[in-house]
1. Of all residues in segment C:391-402, how many are out of contact with any Ser or Thr (no Cβ under 6 Å at 6 or more places or on another chain) and either under 24 Å from C:G675 (Cβ atoms) or surrounded by fewer than 22 Cβ atoms within 10 Å (Cβ to Cβ) (or both)?
2. Which residues, taken from segment D:70-97, are buried (at least 16 other Cβ atoms within 10 Å of the Cβ) and of a type in the set (D, E, K, R)?
3. Between A:T164, A:T93, which is within 10 Å of chain B (Cβ to nearest Cβ) and among the polar types (S, T, N, Q)?
4. Of the conditions (1) free of Cβ contacts under 8 Å to residues at least 24 places away in the same chain; (2) within 30 Å of B:G48 (Cβ to Cβ); (3) not aromatic (F, W, Y), B:L116 fails just one. Which one is it?
5. Could you say which residue among B:F356, B:F337 is part of a helix (DSSP H, G or I), crowded, with 18+ Cβ neighbours inside 10 Å, more than 14 Å from every other protein chain (Cβ to nearest Cβ) and among the aromatic types (F, W, Y)?
6. Please work out which residue is farthest from the chain's Cα centre (by Cα), limiting yourself to segment B:18-69 and to residues that are surrounded by fewer than 16 Cβ atoms within 10 Å (Cβ to Cβ) and hydroxyl-bearing (S, T, Y).
7. Run C:K47 past the list (1) within 9 Å of another protein chain (Cβ to nearest Cβ); (2) in contact (Cβ under 8 Å) with a residue 12 or more places away in the chain; (3) of a type outside the set (D, E); (4) farther than 20 Å from C:K479 by Cα and report the number of the one that doesn't hold.
Amino acid sequence: MSGQKMEFPITWGMVIDIDKCTGCGACMASCQTENNVEPQREASNKLRSTSWMTVYELTNGKSFPDHDIAYLPRPCQQCGNPPCVSVCPVIATEKNENGGIVSQVYPRCIGCRYCVAACPYHVRYFGWFDPVWPEGMQKTLSPLTSVRPRGVVEKCTFCHHRWTLAKDAARANGKDPDNLDDGAYVTTCVQNCPSGALAFGDLKNPKHKVHELIKSPYAYRLLERLGTDTQVYYISRREWVRKLGDNYLKSE
Amino acid sequence: MSIIESEKNWYPEGVERCSLGKFLKWLAFLGIVAGYGFVAMIVCFVYGLGVTGLDNYFGFGLWITFDLAVIALGAGAFFTGLLRYIIRIDELKNIINLTVIKGFICYSGAMLILSLDVGQPIRSWFGYWHPNVHSMLTEVIFCITCYLLVLIIEYVPLILEQKQINKIPYLHNLAHQMHVVMPLFAGIGAFLSTFHQGSLGGMYGVMFARPYAFRDGFFIWPWTFFLFVLSAIATGPCMTVLICGFMEKVTGRKLTTYRIKSLMCKIGGTMLLIYTVFKYLDTWAWINNVLPRAGMTFDQMFYGLVYGRWLFVCELVLCLLVPVVFLLTPLRKKPVFMYSGAILACAGVVINRYVFTVQALAIPVLPFTKWEIYTPNWAEWATSLMVIAYGFIIMSLSYRYLPIFPQEVGLNKK
Amino acid sequence: MGLDRRAFLGLVAGGAVGTMFTPIPWKFIDDASIWTQNWSWIPRVPKGQIDYVGTSSKLCPACEGLKIMRVAGNPVSAGGNPDHPLSRGGVSALARSEVYMLYSPARIKSPMKRSGKTFAPITWEQALIEMAEKLGAAKGSVAAISGDGTGTVNEVLSALVGKLGSAGCFMMPTEATSAAKGIKLMGGQGQAGYDFENADAVLVLGADLFETWGTSTRNRKAFGATRPAGAKPASTYIYVGPTRNNTASVCDQWIPAGAADFGIVALGIAWHLLKAGATSNAPGFDTFKAVVNGGFGPEDVKRATGIAPDVLAGIAKTLASAKAPLVVTGSPFGQGLGAAPFIAGMSLNMLLGRINKPGGVYMLPELAAVVPGAMSRAALLDGDLPAFLKGVEAGKTPAPKALLVYDANPAYGLPESATMAKALEKIPFKVSFSSFMDETAALCDLVLPNSLPLERYDDVATPYGSGFCIYSLVRPIQKPIHDTKTTGDVLLALARKLSIELKFDNFQQVLKEKVAGLAKASGGFVAKDVMPWQVAAGKPAPALVGGDLWKALETGFAWTMVGQVAQTGMGFASEVVAKAVKAGKAPAVAATLAPYSQLRTGTPATGIPCQDLTTVPDTELVGDTTFVRLNSETAKALGLKKGQTVKLSAAGVDCQAKVHIFESVMTGMVSAPLGFGHTAFDYFSQGKGANYLSLMTVAEEPGSGMSMWIASEVKIA
Amino acid sequence: MEEKRSNSAGGVGGMVLCALIGFVGALVVGWVIFPKLLYSEKTQPIRFSHTVHAQLGIDCEQCHHLGPDGRFAGLPTTESCAECHGEETGETTANGKEIDKFVKDYVKTGVQVPWLVYQYQPDNVFFSHAAHRGFECTKCHLDVAKMDTPPAYYENRLSGYSKNTMKMWECERCHASMGTSNACYVCHK
């Protein structure tokens, strides 16, 4: 069933300031290339295209001129209690001690898509066809992420390969790989965001900025009441934006 | 001896069959349908599942619905086996063979579709080698494959009883021995089958982030676990009766007595009544507990035509209450009520499996997402049709050459 | 002994059982599954030592400094350079494409010559000979168009064209065009630079500050820095424009106003400021005051724009009470603004005393030119390309005999594109130096592919919008993948062939000379620990550390200078404003086209970068159809429904679109995305949607005489 | 059919005998012939002698070193080999000829040598040499330092991987014994 919350000494988390996101898509573009997602010619079919990071457009549902919009970048929420992990029949996806990152291992995945069905955030993508790059473009593939064949499920990994690099760098410099400085490991979307709307760090480490950010009264998470206990936090000073993070009954 | 004459030697003792030419034409027709599906299957294997109508919103679609429906309707086999061999309702021996073949067709067909539905079929064995004991799907994989083996074991003696094959003493003996141990397999089968019917339901019930499907439950099993078992054993016997009736219609011969069919329907109806009670309780708890906890309302669960409220009404009223009345009251004595009751019951379970598979995924759980529509495409339809055609082929061959219906000779004496 | 059936069966059975006790089936099953993770048709990732090298983005108009990740010496991805003032680690979706665009299917692989309707590859030598011959014959009537707003290559191009006998040397119209014209009309000197980092209240009139306007990545970094997550913002941003676009979505306030009305809004605010006692000793203040008081009172503005008087008063109050207010005027789609709205906006800055002040507008000096005979940037920006081409099309201006097009795509990226294409057709000999097979290259007689920024030496000098002078280098990180050359080199070689003296043999020399000049400029420094806006705010500028500036620039650092041109006669240019800005009753127009542009759909010169197609939402493009946005009231008035396919007509052109009901668009406006509807490039751009820029009609702005196309009426059916 | 049944008495024994033959035959095929068929044998493009280099006093780390960022440099590039072997020797010894072959085919053309890596791990595996610094190289790698001729490389015809590639269970066993995490993302990417 729904499993229990796991505690990790390191809990990597992202804090996204919606009030700063202009919806430009730089995070998505960064993610695509960092993680070797193929360029998709028919990317306008959003139900078929792969974008580990996706920017949603939020509206307050009112008419002009009271209408308001906001953009919500959505990486994998790295749930503390992931709906997708317990359902996997072959342990291709796990929530283990790795900083609380929900792993997804492609050579183990059989492509049953049960996790795709279980995830309410739509962060899981299936390889419908073998990936194809325009001639020569495979030379620009990132060496840090493997290319997935068709038929397996993939998702945002919080660029965990950058963590392994950061740990290696710490080891080489005689530092503690399990106590990285703030900023030693950040995801590509966080690094490249032109607005600085995204922050990343160890939620449990008081030396990391995000540790404080998640305590903001404006911080909230998506679908909290389902008990997914996500590690991605959003911040907005706008109440209607916060309200769109979850479902509420009229009486609430 | 011409082929046409010698072919007749293979018929069961004392029965009549249509001409070989007619039979071959029938097979050819089925073969074309199956062949079309086979091409679709190869296309899926070679190019990947992108050729289907599935997408990242609807990872599960027609195939899973088809599998679940077929497996539910195929449940007649284990349940009738249970009643015949364990509970010893002896009368059922007259229809048990049919249920075994139906079960075999349904399960092997479902397996075929499943192997298509996984993105990496070559890795399917990981389900055994690297099982995740927490996953309901692991339970399904284990139980379905094991149960398919049981069904094969149950089907083999039927083949061995074929007039010509049975002449070989060794095989004759083997068939006999297998019949002796059949209660054991019936028992194993009943156990396995109950479990995977349940875990198929459990697969949906555990999706706690999908309010449409999520259910609380008993120990590790959500209520859907038990509901799926109940709905399967309720509709399985009805499906057997429908198949039997259909075969009688097609062949123009009486295969079992109305009494047997009526008994099966009564059993199915009784189970359907139990199911109805639990399903109503479950629905009530879902509307008043599961949904509000998720911050959602009953009204939010329906949209447009394909996910409309009419499905809900159909499933819970037209296909539950009505068939219960038709199957458990004296109305059953009239074929029209009995058959339509059975049809409705089966339709109800198909709707149930559809809404759990597709509607559950179509509902926007994130408040800023919207309803999405899923339409299966030719590749999914063709392969599903292939399995149906395959079932018809197996059933046609079995009927023509195997002594399935013990009463057939007696009932058709002129 | 014959093998009978039993023996055979035994053999088979024994063999089968035996096989189960061998590795064969198990190894086979295992290896087969391992094979599925090693399919030969799935590309392997590159292996080797990873390192990072610095350069600057040239494809992206925001000119971010980049850190290029390399594997075994080959570039694999582009990230923002945290040390670069225009990036600070940020990168746009377009700048991110710098690496993979090397392998874009749209790239031109070798020099090509038109033969009939198609092209045939030729050698560089043949191309030079051909070009020298044709240009020699066209002497006295050679025109050039450049789309590079920041490169020193413009010096080479303009000097060459000048010496060949220029028929006009033009820049593609951008925000910089309107600004340069405005400054000129105001009698000012220098390039307007905006110090967002030190501003605490920013009024944005139309400019899509955080998407396409100027140094947009830097703008956003500056914005973000004053907006700590979850805390009270240290700045106020107010956006005035026809839609709540990407910029407006994060601003504190969005004030709906038509793109043609920015001047009126500015003067309406000026009315409040003047009323509150604002004054200025700049020339023309009295006339300005008279103009404002004479027709831009709150009621006048309301009548013309629909903006309520208290809203306007509120803005004025916000600006007046801020420590460092700043007004930025621009076009919501980056072009066609005209000079008057810019002047009106700048007048507010002058009223607020914000010229050459921290957090205000700096009048930045142009970096010294090095190529003899080169035109200054101000002179280049003074050319009016749409007017010129329209004149050619109408036969009013003689068509030049030859045209050189550098890094520009006028056949696609100009308004009234049907007219512009006709004008281009009248020019008998055209050469494109494009890297990609764009719409203009497809029209040209010679296509001489420019190497991409990662394959060539190039530079970025103070892009428009930057609040400080800045210079960074672009340097080759990889050998040209195809048979391409740096256009600067090609132009210099051409000059030699034509016996024109341009002082330099190759383009790298030009850049070296440019850098050598910078090293001598006083006040310049390499931004490392101290950033230019800190210097503007009072921190002492570090000395330019002796040594090799070239080397520092090559590593990816930027030379910057907080400089300003002392203004001698910058005035209000009220006569222009008075003629161009009139707060009359808004004409009854059923639908006004309000285009918007986004970096993720590239520039006219790049097309849509293939990976960025994924970032385009399905409210903008579905299949091959683009969406236009209008609010439900407009839709109702026009009788349109959600999802309906419509035809937009204007300027003698029809465009198809689907209707997207979007309430953050002003009533009466039809918001349309630019960057789609390419007929050239590759399958990531070609045939995707329509080019709504072609619907924009060019008009002459009263007072300035400048071409403008900020808003056009459009028919929808 | 009648005829076959008649010699059933002798047939049963024959059947058992044949079954035995089949069983043993299968074992032979499975254990002896199959492994030979499964792997193709390949030799290194250049007969690099680790012994010769070791005898010259060159440390392993001189060519196979960790970078300052903790990333493993792996095999030396053609350029670093060319620091010593930049020119053809013209010698007629076997070693001299091999050096000349290297210079001619790779140094002059600027091509990297397609060395066959015995421990080749697929793209989906991340291995941190920095994290394993405390171990002897030979714990996982072939002890080539004492080899004059590099050993043959066996490639699995089906999976395409080297025979020597460490399987996941081997990594996991060691991690388990060391008390190190076996979480997926420790090694997978």
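1. 6
2. Passing the criteria: D:R71, D:E88.
3. Exactly one of A:T164, A:T93 is within 10 Å of chain B (Cβ to nearest Cβ) and among the polar types (S, T, N, Q), namely A:T93.
4. (1)
5. When all the criteria are applied, what remains is B:F337.
6. Top of the filtered list is B:S19.
7. Failing condition for C:K47: (4).
Yes/no matrix, rows are residues, columns are (1) modelled with pLDDT of 95 or more; (2) within 28 Å of A:C112 (Cβ to Cβ); (3) more than 7 Å from every other protein chain (Cβ to nearest Cβ):
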| residue | (1), (2), (3) |
| --- | --- |
| A:A169 | no, no, no |
| A:A172 | no, no, no |
| A:N179 | no, no, yes |
| A:C193 | yes, no, no |
| A:L198 | yes, no, yes |
| A:Y248 | no, no, no |
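The values are calculated or read from the model by the stated rules, or taken from the named source; none is laboratory data. Owing to the predicted nature of the structure, the values given are computational and were not obtained by experimental measurement. When we count neighbours, we look across all protein chains shown, and the Cβ atoms used for this are built from the backbone with ideal geometry, even at glycine.
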